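Here is the structure we will look at, set down as structure tokens.
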Amino acid sequence: MADTMNHIERAVASLQNKPVDRMTAYPLAMGVCRRLVGDGHMTYRDWVSDPKKFASAFIAGQKHFDFDFAIGLMDLSVAAGDMGSTVRMDDQNTPFVTDPALQTVEDYEKLTVPDVKKGRSHVLVEGTKLFVDALGSQVITAAFLEGPLLSLTQAASAEKVFMDMYNNRSAVHKALKTITEYNGNMVKAMAGAKPAGLVWDYLWGSYSCLGDAEYEEFEGKYARGLNELTGKEGMAMCIHNCADLPHLDTQIKAFKPAIYSMAYYPLIPGSPSPKETIEKGYADNCLIGGQIDPQGFVRWSQEKMQKTTMNLIQEVKTAMCARGLNSRYCIASGCEVPPTVTTRLENIKECVDTVKQYGQIKC
């Protein structure tokens, strides 16, 4: 069926639980879209090091795939790199930390706030501004930042941080306060880029890692201030969490994001399915995005991608109608579509096109 709403009309209506012509669609295709620029051989290093090249991928991706949103994820080592960690950058793979900057308890104490006008933090801010300027009249745009605890685990390693939560608690909090100050500066810088929203990656809000008390102590109390600052700076606060057992009561019902992007792990008992997430009232609070397996964009045939997307659409439709909802769901991948050369671009297009054809909600 032909769309009867434009991207912004559809997204805004879905955020407000108003009737829509169809569900929104946004497979989380970020880094992979660099393959659509020029001759298709832009390296990852070039993409994450140049604001113009960073923005060009989102602009090309929007033109090719016709998404309902544009969210500016670069990678999860931006802050860690600017804190002094060694970040490995392969030509065609996501950058990752090989030598963490924080090796000792004293390193936590000595950590200083990175300058957001330098390093890849600056590239991220300026690149976000460029794609917002280009796409902001077409789609809902959002910046993307790592939460304080995620940044710390990137800069020190998750294993070290989780041990130090018990053995060197005060030092961990000292580092988290420093990173939260950096995050606050990034929020203010991103506000100058004027995206409609800002997505926080609060990955460690997972019961497979932290209980409620631990999560509140080591991220919740820091996240609350950043969430509030995000709104004060004129951006809708959104959350991405691709954990297997997410803290939904905290991150959705307490934090109250406009959008919550999540994953589903069918082989892990207790991992919330799309149906369960809607049935338990979480979509009453915000737009839920998910939950197609990202590896499917690499491994599946186009026919399987279509079938999987159709099955998710039907599951969501049935659950939303039973709940009395008009919309409040975005068909998306549970995490970033793998940004490698092996990802099948036709599968991204198939997912979007299937939502356009079958995503109408008629209860």
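The values are calculated or read from the model by the stated rules, or taken from the named source; none is laboratory data. Note that the structure is predicted; figures quoted are calculated from it, not measured. Note: ideal-geometry Cβ built from the backbone for every residue, glycine included; neighbour counts use all protein chains shown. With ligands, DNA and RNA removed, areas are computed over all heavy atoms of the protein, side chains included. Shrake-Rupley method; radii C 1.70, N 1.55, O 1.52, S 1.80 Å.
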Output the number of the condition that residue 242 fails; it satisfies all remaining conditions of (1) more than 26 Å from residue 18 (Cα to Cα); (2) open to solvent by 40 Å² or more (accessible area, probe 1.4 Å). (2)
Taking the residues in the range 6-54 that are acidic (Asp, Glu) and in a loop (DSSP other than H, G, I, E, B) as candidates, determine which candidate is nearest to residue 261 (Cα to Cα). 21
Go through (1) under 17 Å from the mean Cα position of the chain (by Cα); (2) assigned to a helix (DSSP H, G or I); (3) of a type outside the set (D, E, K, R) and name the single condition residue 60 misses. (1)
If we take the range 271-363, then helices (runs of 4 or more DSSP H) inside it with 2 or more residues that are open to solvent by 70 Å² or more (accessible area, probe 1.4 Å) and of a type outside the set (A, V, I, L, M, F, W, C) are 274-279, 302-323, 345-358
Taking only pairs six or more apart or across chains, which ones have beta-carbon atoms under 7 Å, a first residue in the range 217-228 that is more than 24 Å from residue 166 (Cα to Cα) and without any contact (Cβ under 8 Å) to a residue 24 or more places away in the chain, and a second residue that is of a type outside the set (Val, Ile, Thr) and open to solvent by less than 20 Å² (accessible area, probe 1.4 Å)? none
Within the range 116-163, how many residues turn out to be farther than 22 Å from residue 203 by Cβ and open to solvent by 50 Å² or more (accessible area, probe 1.4 Å)? 9
The number of residues in the range 209-254 that are touching a helix residue (DSSP H, G or I) at 6+ places or on another chain (Cβ under 7 Å) and part of a strand (DSSP E or B) is 3
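Residues of the range 184-206 being assigned to a helix (DSSP H, G or I) and touching a residue at least 60 places away in the same chain (Cβ under 8 Å), which ones?
So the first thing to find is which residues in the range 184-206 are assigned to a helix (DSSP H, G or I), and the list is 184-193.
Hits for the range 184-206 are 185, 186, 189, 190, 192, 193.
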Evaluate the following for residue 161: is it touching a residue at least 40 places away in the same chain (Cβ under 8 Å), in a helix (DSSP H, G or I) and among the β-branched types (Val, Ile, Thr)? no
Residue tally, condition surrounded by 12 or more Cβ atoms within 10 Å (Cβ to Cβ) and not in a helix (DSSP H, G or I), over the range 89-115: 17
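Would you point out which residue out of 201, 164 is over 21 Å from residue 251 (Cβ atoms) and of a type in the set (Asp, Glu)?
Working: 201 fails: over 21 Å from residue 251 (Cβ atoms).
Answer to the selection: 164.
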Since residue 84 meets every condition but one in (1) under 18 Å from the mean Cα position of the chain (by Cα); (2) among the small types (Gly, Ala, Ser); (3) not in a helix (DSSP H, G or I), which condition does it not meet? (1)
Can you tell me how many residues in the range 89-115 are under 17 Å from residue 45 (Cβ atoms) and free of Cβ contacts under 8 Å to residues at least 12 places away in the same chain? 0
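Residues to consider are 354, 340, 318; find the one that is closer than 21 Å to residue 16 by Cα and of a type in the set (Ser, Thr, Tyr). Spell out how you get there, then give the answer.
Details: 354 fails: closer than 21 Å to residue 16 by Cα; 340 fails: closer than 21 Å to residue 16 by Cα.
318 is the lone residue from the list that is closer than 21 Å to residue 16 by Cα and of a type in the set (Ser, Thr, Tyr).
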